[in-house]
């Protein structure tokens, strides 16, 4: 029991130390901003107050919630299309040969360049933001899924065939779980990409959303407002990633022992 | 032989490499497996034993010849043939518990029957109480026993094993050999085992086939007339065992001498 207790305490200590870094940064920010004393560099507390005001005011409904919705929708579409295509491409060597160069080309396109095109196609609205997210977030998912699928042990596929698994059941019961550690790695990258692209697309032509709000606030000299927006974005990123990790740990619980423990993040 | 369970006739397997070069792996292999017979195939490493087993089980299409199971030519792995692979850690599904892994082999049965069979199979290999564990929680020998339970749960006519005990330590290997032997003694299935361990082949088998180097053909067939039941302590001490082992070993060495310079793919 003492061991378990000690383990619990050291975990608690580790978490506290992790948060301590954040506190140090906040204090340093506060001191520096107070010392400089310029409106273009609001203090930490001013920014926090601005962020709270955004979350409790009408901006929540008009900008923050739409941004969250777009990010999630863009991410989910990327995941569905990326995993499906990745499984097929990873499993089929011919498909890999045919798509390799095309995908290398497409995924090298800088996403912000696609915003003007997306605006022409979809207009200044949420659909444009979602479409832009998909063009960027799909790649880490697709490529990780394809890599995970193509590197499945031949013995594992042989075993599956021995038990009569083919077609859909082969994919769902063997290929997908076998590739899932790599798929999850791709999904996690894609989630943070989704958030970044959401902000960029909204800044360049969203018409609404947290990115749109931040660039608007900055242009109208509402500096503390834009800092508040940045704090909300950072919190969103942290919340998304934390929720994702909880989900991942649940789904990949079986993997814990096979790779000598999951990497803590 | 009258009505063999497995009938391999003039089997030929060629592998086409990436640059289009056709590599003949086995040539003209003929082998019959009677009901409740234990047959081993030994040969120098890289001689195509695994390829032979893959073609014999239906995992790979042969480029020539024919494999029949219960009188019917096979085009895929038929129900009634189970396979145990050397690498249990790549063959057991790591995301499934031991119980669910074993249940994979019993997919054809309704749920209640499946559950009973999984329980029985685990008990037979001495893994009762491990159904809810994951493969990584078990030792190598226990994992291979789980793979064996998965192969046995469907009550197969033929059990094929590819170097089944090559990845465990010597003591565990002896134990696993006896687990297989007692399963086989208590049941009616036939075994086709591929191994490079001559002693193991002699200890377990009714007949041992020696494969030549690539393109491999059957170099010798040696009948193992050791009395059954056999035991590690008693049988391996017998003069007859030592003689037979020496005879098989001699043929394998002979095959190996001709294979110097042949690349190995296994």
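The values are calculated or read from the model by the stated rules, or taken from the named source; none is laboratory data. The shown structure was predicted, so the numbers you read here are calculated from the model rather than taken from an experiment. Heads up, the Cβs are rebuilt from the backbone with ideal geometry, glycines too, and the neighbour counts pull from every protein chain shown.
Can you tell me which residues in segment A:169-210 are surrounded by fewer than 22 Cβ atoms within 10 Å (Cβ to Cβ) and outside any helix (DSSP H, G or I)?
Correct list: A:207, A:208.
Taking residue B:136 and the conditions (1) part of a helix (DSSP H, G or I); (2) away from chain A (no Cβ under 14 Å), which numbered condition does it fall short on, given that it satisfies the others?
Unmet for residue B:136, out of (1) part of a helix (DSSP H, G or I); (2) away from chain A (no Cβ under 14 Å): (2).
If you go through segment B:54-62 one residue at a time, do you hit one that is under 19 Å from residue B:155 (Cβ atoms) and either within 10 Å of chain A (Cβ to nearest Cβ) or in a loop (DSSP other than H, G, I, E, B) (or both)?
First, pick out the residues of segment B:54-62 that are under 19 Å from residue B:155 (Cβ atoms): B:57-58.
Subsequent filtering for residues that are either within 10 Å of chain A (Cβ to nearest Cβ) or in a loop (DSSP other than H, G, I, E, B) (or both) retains B:57-58.
Checking segment B:54-62: at least one residue is under 19 Å from residue B:155 (Cβ atoms) and either within 10 Å of chain A (Cβ to nearest Cβ) or in a loop (DSSP other than H, G, I, E, B) (or both).
Evaluate segment A:217-229: report whether one residue or more is closer than 23 Å to residue A:138 by Cβ, away from chain B (no Cβ under 14 Å) and in contact with a helix residue (DSSP H, G or I) (Cβ under 9 Å, 6 or more places away or on another chain). Break it down into steps so the answer makes sense when it comes.
Filtering segment A:217-229 for residues closer than 23 Å to residue A:138 by Cβ gives none.
No; the residues of segment A:217-229 include none that is closer than 23 Å to residue A:138 by Cβ, away from chain B (no Cβ under 14 Å) and in contact with a helix residue (DSSP H, G or I) (Cβ under 9 Å, 6 or more places away or on another chain).
Somewhere in segment B:111-118, is a residue away from chain A (no Cβ under 12 Å), touching a residue at least 24 places away in the same chain (Cβ under 8 Å) and touching a helix residue (DSSP H, G or I) at 6+ places or on another chain (Cβ under 7 Å)? If you could, list the steps in order and put the result at the bottom.
Of all residues in segment B:111-118, those away from chain A (no Cβ under 12 Å) come to B:111-118.
This time we only want the ones that are touching a residue at least 24 places away in the same chain (Cβ under 8 Å), so: B:117-118.
Add one more test, that the residue is touching a helix residue (DSSP H, G or I) at 6+ places or on another chain (Cβ under 7 Å), and what stays is B:118.
Yes: one or more hits.
Looking at segment B:179-196 only, could you name the residues that are without any contact (Cβ under 8 Å) to a residue 40 or more places away in the chain and in contact with a strand residue (DSSP E or B) (Cβ under 8 Å, 6 or more places away or on another chain)?
B:180 - this is the single residue of segment B:179-196 that is without any contact (Cβ under 8 Å) to a residue 40 or more places away in the chain and in contact with a strand residue (DSSP E or B) (Cβ under 8 Å, 6 or more places away or on another chain).
Which residues, counting only those in segment A:219-248, are loosely packed, with under 12 Cβ neighbours inside 10 Å and assigned to a helix (DSSP H, G or I)? Step through it out loud before you land on a result.
Taking segment A:219-248 and keeping what is loosely packed, with under 12 Cβ neighbours inside 10 Å, we get A:219-221, A:238-239, A:242-243, A:246.
A:219, A:238, A:239, A:242, A:243, A:246 - these are the residues of segment A:219-248 that are loosely packed, with under 12 Cβ neighbours inside 10 Å and assigned to a helix (DSSP H, G or I).
Go through segment A:140-155 and count every residue that is surrounded by fewer than 21 Cβ atoms within 10 Å (Cβ to Cβ) and either modelled with pLDDT of 95 or more or not in a helix (DSSP H, G or I) (or both).
Final tally of qualifying residues: 3.
What number of residues in segment B:102-133 are under 19 Å from residue A:164 (Cα atoms) and in a loop (DSSP other than H, G, I, E, B)?
6
Being at positive phi and surrounded by fewer than 21 Cβ atoms within 10 Å (Cβ to Cβ) is the filter here, so list the residues in segment B:37-57 that pass it.
B:46
Conditions tested, residue by residue: (1) touching a helix residue (DSSP H, G or I) at 6+ places or on another chain (Cβ under 8 Å); (2) outside any helix (DSSP H, G or I); (3) modelled with pLDDT of 90 or more.
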residue: A:88; (1), (2), (3): yes, no, yes
residue: A:104; (1), (2), (3): no, no, no
residue: A:115; (1), (2), (3): yes, no, no
residue: A:138; (1), (2), (3): yes, no, yes
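Please go through (1) within 13 Å of chain A (Cβ to nearest Cβ); (2) surrounded by 15 or more Cβ atoms within 10 Å (Cβ to Cβ); (3) farther than 23 Å from residue B:256 by Cα for residue B:75 and return the number of the only condition it doesn't satisfy.
Going through the list (1) within 13 Å of chain A (Cβ to nearest Cβ); (2) surrounded by 15 or more Cβ atoms within 10 Å (Cβ to Cβ); (3) farther than 23 Å from residue B:256 by Cα, residue B:75 breaks only (2).
Do the conditions hold for residue B:34, that is, is it modelled with pLDDT of 85 or more and crowded, with 20+ Cβ neighbours inside 10 Å?
Working: modelled with pLDDT of 85 or more: yes; crowded, with 20+ Cβ neighbours inside 10 Å: no.
The answer is no for residue B:34.
Select from segment B:78-103 the residues that are free of Cβ contacts under 8 Å to residues at least 40 places away in the same chain and more than 10 Å from chain A (Cβ to nearest Cβ) and list them in ascending order.
B:99, B:100 - these are the residues of segment B:78-103 that are free of Cβ contacts under 8 Å to residues at least 40 places away in the same chain and more than 10 Å from chain A (Cβ to nearest Cβ).
List pairs: first in segment A:246-265 and farther than 12 Å from residue A:185 by Cβ and facing another protein chain (nearest Cβ under 10 Å), second assigned to a loop (DSSP other than H, G, I, E, B) and at pLDDT below 75, Cβ under 7 Å, 6+ apart or cross-chain?
A:256/A:262
So, in segment A:153-180, of the ones that are in contact (Cβ under 8 Å) with a residue 60 or more places away in the chain and within 13 Å of chain B (Cβ to nearest Cβ), which residue ends up nearest to residue B:84 (Cα to Cα)?
Result: A:175.
Check A:184, A:221, A:171 and return the single one that is at pLDDT 95 or above and in the same structural domain as residue A:60 (by TED's automatic domain parsing). Walk me through it before giving the result.
On the way: A:221 fails: at pLDDT 95 or above; A:171 fails: at pLDDT 95 or above.
The unique qualifying residue is A:184.
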